[in-house]
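**Student:** Please read through the structure below; I'll follow up with questions.
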């Protein structure tokens, strides 16, 4: 996912060759992989705890029980470390999702939006930190690009399938639509994390807004399908628990 998202060849596992020189562990060393995963996991936890501004390489090294030099050998910079930690976490979560719908369909897209939004409700501090990083005016472009890229992976298969079936309006192309939807999803997540959207309203607001945007960008049978889903959203089994909470909160 990132240029340096695998262990580097010049990382050493501490062993020596016959001349007493450090021997490269290579890509397959279990100790290198385990150490790298520990560094990335601790970095991700600290992002949620202290945010990006207060995150230091010294503190990460202490938490991960590695030398500061090891961090720079493996990741070159704090920005690359943060981007790698975010990517690892999102990749791991994506692999755990079990879908009941076919890939690259509207039902698949809806299911994914609901699953991820429900997950976000459980990790508010991390989502707040992540969105603050993304919207920071001085964040490294590589970090913002990594966060953006992860979100694109979750929707691009469906968008490109729509384009292949000529279901997009002539004024929109797949990459532009994807960027628009990501900006909406992140703006919604940021507003919720800052308390502007109630917990019980997050999933419904995200799904309804997402579908409303896509309805304007699609045509023919796909647009009709989306409009039908919007019209019957409250009766959609996927959102029955969310609407029940919304109604109870009124």
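The values are calculated or read from the model by the stated rules, or taken from the named source; none is laboratory data. Given the structure is predicted, the values throughout are model-derived calculations rather than measurements. Methodologically, a virtual Cβ is constructed for each residue, glycine included, from the backbone with ideal geometry; neighbour enumeration extends over all protein chains shown.
**Student:** Give 121, 162 a once-over and let me know the one that is in contact with a helix residue (DSSP H, G or I) (Cβ under 9 Å, 6 or more places away or on another chain), part of a helix (DSSP H, G or I) and either crowded, with 18+ Cβ neighbours inside 10 Å or free of Cβ contacts under 8 Å to residues at least 24 places away in the same chain (or both). If you could, list the steps in order and put the result at the bottom.
**Tutor:** Details: 121 fails: either crowded, with 18+ Cβ neighbours inside 10 Å or free of Cβ contacts under 8 Å to residues at least 24 places away in the same chain (or both).
Sole residue among the options that is in contact with a helix residue (DSSP H, G or I) (Cβ under 9 Å, 6 or more places away or on another chain), part of a helix (DSSP H, G or I) and either crowded, with 18+ Cβ neighbours inside 10 Å or free of Cβ contacts under 8 Å to residues at least 24 places away in the same chain (or both): 162.
**Student:** If you don't mind, there's one more thing I want to ask. Of all residues in segment 73-101, which are closer than 17 Å to residue 145 by Cα, touching a residue at least 24 places away in the same chain (Cβ under 8 Å) and buried (at least 18 other Cβ atoms within 10 Å of the Cβ)?
**Tutor:** 75, 80, 81, 82, 83, 84, 85, 86, 87, 88, 89, 90
**Student:** Assess whether residue 226 counts as being closer than 30 Å to residue 51 by Cβ, modelled with pLDDT of 95 or more and surrounded by 18 or more Cβ atoms within 10 Å (Cβ to Cβ). Can you show your working first?
**Tutor:** On the way: closer than 30 Å to residue 51 by Cβ: no; modelled with pLDDT of 95 or more: yes; surrounded by 18 or more Cβ atoms within 10 Å (Cβ to Cβ): yes.
So residue 226 fails the test.
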